[in-house]
1. How do B:171, B:62, B:101, B:367 line up, fewest other C-beta atoms within 10 Å first?
2. What percentages, rounded to whole numbers, describe P(r) for segment B:25-211 computed over all alpha carbon pairs with 5 Å bin width beginning at zero?
3. For the protein assembly as shown, what number of Lys pairs, 8 or more residues apart or on separate chains, have alpha-carbon atoms under 22 Å from each other?
4. So for A:63, A:146, fewest C-beta neighbours within 10 Å to most, what's the order?
5. Could you pull out which residues in segment B:154-177 have an amide N less than 17 Å from a spot 7 Å beyond the Cα of residue B:83, following the Cα-Cβ vector?
6. Please report the antiparallel percentage of DSSP beta bridges with both residues in segment B:220-372, rounded to the nearest 5.
7. With N set to the residue count of segment B:248-398, report its C-alpha Rg divided by 2.2 N^0.38 Å to two decimal places.
8. What translational D, rounded to a whole number of µm²/s, comes out for segment B:183-237 from Stokes-Einstein when the hydrodynamic radius is the Kirkwood one over Cα pairs, at 10 °C and 1.306 mPa s?
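The numbers here are math on the coordinates, done by the rules we state, and not lab data. What you see is a predicted model; the values in this text were computed from it and never measured. Cβ sites come from the backbone with ideal geometry, for glycine too, and all protein chains shown count toward neighbours.
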Amino acid sequence: MKALIASLSVFVCLFPLQAYAALGGDAASVATDSAQMKASREVKQAAGYAVHQLTSESGTAVREYVSPSGNVFAVAWQGQFTPDMQQLLGSYFEQYSAAVKANKESHIGRRPLNLKLPGLVVQMNGYMRHYHFRAYLPQAVPAGVRQEEMQ
Amino acid sequence: MGLLAACGGGGSSTQSPPPPPGNNVVALMVNGGPAPGVNYSDAAFTSVIVCAPGSSNCATVDGILVDTGSVGLRLLSSAIPSLSLPVLAGPGNTSYYNCVDFVDGTYLWGPVAQADIEMAGEKASGASFQLIENPTGFSVPTACSQGGVNLDTLNDLGANGILGVGNYPQDCGAACQNSTSPDVYFTCGASGPCSSSTITVAKQVTNPVVGFTTDNNGVIIEMQSVDGESATASGSMIFGIGTESNNALGSAKVYTLNDNGFFTADFNSQTLTESFIDSGSNGYFFPDASITQCPGNSIAPGFYCPANTVSLSAQNVGGNGATGTVNFSVDNAVNDFNNFSSDTAFANLAGPNGGTNCGNGSACGFDWGLPFFFGRNVFVSIDGQAVPSGAPAAPWWAY
């Protein structure tokens with residue numbers, strides 16, 4: 001991550017009391033989705049996309065990845081506490097929820113989440129002290145963006 | 001792994017003697033768990049006694065999952081139908097409720113209740129724990145459910161409860177005393193509604209071990225070794241580290257944790273900075289793009305299915321710089337479950353974790369699940385508690 005951050009240099013700005021946009025939404029929803037999360041926001045430009053990083057009141061760090069055309073192609077969060085998943089996943093929330101249910105029903109026992117769905121990939125690692133979640137839209141990821149950049 | 005019958009037979013194992021006697025030792029058993037018709041493989045179960053505080057009105061509950069990856073006791077209310085335990089009152093005419101999430105999108109919801117929690121000769125008096133039950137008259141708040149699955153039945157949980165004996169004293173800590181934003185604690189009226197709430201640390205769902213009057217700085221989990229697979233596997237959980245003649249740290253190597261509760265595992269040229277040991281994960285879970293994953297519609301979704309057993313090794317690196325190599329193997333999980341369908345202990349169960357490519361500084365982890373415990377004595381020290389002379393400050397693992 002350090003190397004990635006170092007390469008993000010174009011601009012950094014802070015927007016207090018802004019929420020994140022939903023997965024699959026447009027960049028405008030980043031601005032309009034305000035107050036919901038009481039989060040501070042920081043935007044960094046990377047090669048081929050922008051990262052909007054928000055730190056929620058609970059301390060959970062949320063990142064959303066916006067393509068040059070203004071599309072949110074990935075969201076990620078890490079921290080002890082789960083952020084508002086409906087807000088984060090937007091129109092993909094129902095697909096996520098159904099897949100979590102099907103995943104649970106397929107087996108007994110706990111293991112990291114690893115959902116590869118039509119048009120949606122969801123992964124989560126960690127344990128109750130600290131989780132690391134990401135969801136992305138494979139078809140919407142700009143060419144040249146590596147999987148490990150979205151986290 | 002599907003729903004298999006849990007009966008004995010098959011496989012082989014190294015026999016170990018029964019747990020040593022002691023007022024700080026409880027027996028552990030890998031046996032498929034208490035849910036009828038469900039084979040919960042690679043999960044260790046114990047029993048606890050819960051009593052109405054200060055009374056002899058008690059119930060013994062078995063089939064409790066031992067979980068080093070969470071904190072606090074959580075009991076299905078349906079497992080103690082004849083025992084009435086006081087629910088923690090909140091402001092006004094409300095009660096405190098608790099919500100915790102797991103890594104697979106599942107969650108547990110229910111009131112915070114209090115009990116004397118007894119294991120072996122140890123007792124945590126008036127300890128807060130979670131009663132797992134679905135609300136009647138109102139819905140689980142969406143700030144808790146988050147689109148996930150409520151494990152509120154024996155069949156869904158695969159256990160009568162979870163005993164969280166991880167590295168921390170409460171399930172939340174100061175964050176939930178200072179802010180409602182974690183959405184871990186709620187206050188609810190008798191028929192709703194519920195609001196996210198703060199709660200003092202002292203009232204939070206607690207690691208029962210820190211409530212003991214002695215032997216309260218951690219636990220040791222000692223499991224027998226398993227060679228391939230076994231009908232069952234036995235072990236013991238010893239309370240305290242360096243507090244009795246039977247729980248000395250000895251030559252075990254200590255691996256300290258970072259602020260997020262992780263150490264690093266170096267594996268296959270990947271630096272996995274979010275690694276942990278979790279008896280509540282029923283396999284090894286780590287990123288390895290070269291190992292075939294079992295089909296999602298197979299008997300073993302979420303596990304690896306190499307054509308032949310793969311032998312691997314990783315190096316754990318503690319925050320204190322301690323290093324140690326761990327050798328392990330990965331079986332074809334579909335073959336394991338098909339060929340040994342009545343076994344419940346599998347030494348070589350493993351599956352993917354997160355992305356398949358963890359290079360370039362990305363944050364990934366190695367989840368050392370229950371198979372890691374087979375044939376080891378694993379020490380779990382608890383943040384803020386005393387440690388043996390010469391040991392680093394808690395929290396840490398040692399083995």
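1. In order of increasing Cβ crowding within 10 Å: B:62, B:101, B:171, B:367.
2. 1, 9, 17, 23, 22, 16, 9, 3, 0
3. Numbers: A:2/A:44; A:101/A:116; A:104/A:116; B:123/B:203.
Count of close lysine pairs: 4.
4. Least crowded to most crowded, the residues run A:146, A:63.
5. B:154, B:159-164
6. 85
7. Values: Rg = 16.2 Å, N = 151, 2.2 N^0.38 = 14.8 Å.
The reported ratio for this selection is 1.09.
8. Roughly 102 µm²/s, to the nearest whole number.
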